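The values are calculated or read from the model by the stated rules, or taken from the named source; none is laboratory data. Owing to the predicted nature of the structure, the values given are computational and were not obtained by experimental measurement. Neighbour counts are summed over all protein chains in view; Cβ atoms, including those assigned to glycine, are modelled from backbone coordinates with ideal geometry.
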Amino acid sequence: GKEMWTPVTPIPITPLPEPVAATTPSFEAYALGWEVRDYHGARIIWHAGGLFGMTSTVVLIPEKRVGFAIELNSEEAEPRHGLMWELIDHYLGLPHQDWPAKFKAYRTQRIATAEAVVTAKTKAPARTGPSLPLARYAGRYTDPWYGTIAIGNDQRGLTVDFTPTPRMSGRLEKYQYDTFIARFDDKNIEPAYLTFALDAEGKVARLTAKPVSPIADFSFDYGDLAFEPEQAK
């Protein structure tokens, strides 16, 4: 246990706003499959995870010889975090703060901010573009890590199919210039900006992606992908 809980990779600390600011740690790091952080002088060892429709968290407080797990049939992190901090305060003998209510308020703030950002972006009229006829964006694009995706073109416009990932397909909506918004048929999958970069000859040379929402779950790490047309290889 000691080796597994020894910090390996420091995690940058982002101060949390009220009403959950008190949960901001002084230090946080990733160990061997666990996250390690401090809270009121105690060492908190924990990790969370989930699948579509469910999430869980395991928390250990070694100095108190306490451990517990939380399992929810929900993908929302805030109810789980509220229960987590409620139990941590209880086992550390700290005053009751109603963390579920605080995290509910925090979630409401985050959603309102994100909705305002997304609405402002998606409702803004396209400034110009796209640069090419839609048919010239169609084709197969490959990322060394992810694999191949397919951009199609039909009477309704462009489509996208992230072939290695089941259900990750949908239509591309014009946004601006050579950027489109991918709206997936499975609404559990976060919409993404797909941006085509052209070379000096006016051909598509690269395709990148990033989430539309500023609070998209980190699992939708589109920003790590860099696709190139298959014919260019």
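Some values worked out for this structure:
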{"item": "Unmet criterion (only one of (1) more than 19 Å from the chain's Cα centre (by Cα); (2) of a type in the set (D, E, K, R); (3) farther than 30 Å from Met84 by Cβ) for Arg183", "result": "(1)"}
{"item": "Boolean, Glu228 is surrounded by fewer than 18 Cβ atoms within 10 Å (Cβ to Cβ) and out of contact with any Phe, Trp or Tyr (no Cβ under 7 Å at 6 or more places or on another chain)", "result": "no"}
{"item": "Exclusive hit being of a type in the set (Gly, Ala, Ser) and either farther than 21 Å from Lys102 by Cα or surrounded by 14 or more Cβ atoms within 10 Å (Cβ to Cβ) (or both), set Ala21, Ala48, Ala69", "result": "Ala48"}
{"item": "Breaking point among (1) closer than 30 Å to Asp224 by Cβ; (2) within 26 Å of the chain's Cα centre (by Cα), for Lys104", "result": "(1)"}
{"item": "Among the residues listed as Ala209, Ala182, Ala192, Ala226, the single one being in contact with a Ser or Thr (Cβ under 7 Å, 6 or more places away or on another chain) and closer than 28 Å to Phe52 by Cα", "result": "Ala226"}
{"item": "Test for Gly82: is it in the same structural domain as Ile111 (by TED's automatic domain parsing), at pLDDT 95 or above, within 21 Å of the chain's Cα centre (by Cα) and not aromatic (Phe, Trp, Tyr)", "result": "yes"}
{"item": "Single residue of Arg156, Arg171 found to be more than 13 Å from Ala226 (Cα to Cα) and surrounded by 17 or more Cβ atoms within 10 Å (Cβ to Cβ)", "result": "Arg171"}
{"item": "Residue under evaluation Leu60, criteria (1) under 27 Å from Gln109 (Cβ atoms); (2) within 26 Å of the chain's Cα centre (by Cα); (3) modelled with pLDDT of 95 or more, criterion not met", "result": "(1)"}
{"item": "Verdict on Ala182 being assigned to a strand (DSSP E or B) and out of contact with any Phe, Trp or Tyr (no Cβ under 9 Å at 6 or more places or on another chain)", "result": "no"}
{"item": "Region 141-158 residues that are in contact (Cβ under 8 Å) with a residue 40 or more places away in the chain and within 14 Å of Ser169 (Cβ to Cβ), paired with ones that are outside any loop (DSSP other than H, G, I, E, B) and of a type in the set (D, E, K, R) (beta carbon under 6 Å, 6 or more apart)", "result": "Thr148/Arg140"}
{"item": "Odd one out for Pro133 among (1) free of Cβ contacts under 8 Å to residues at least 12 places away in the same chain; (2) at positive phi", "result": "(2)"}
{"item": "Near pairs, Cβ below 6 angstrom, 6+ apart or cross-chain, from region 57-82 (of a type in the set (S, T, N, Q)) to any residue that is surrounded by 13 or more Cβ atoms within 10 Å (Cβ to Cβ)", "result": "Thr57/Ala48; Thr57/Ile70; Thr57/Arg80; Thr57/Met84"}
{"item": "Selected residue (only one of Lys210, Lys174, Lys187 is of a type in the set (Lys, Arg) and not in a strand (DSSP E or B))", "result": "Lys187"}
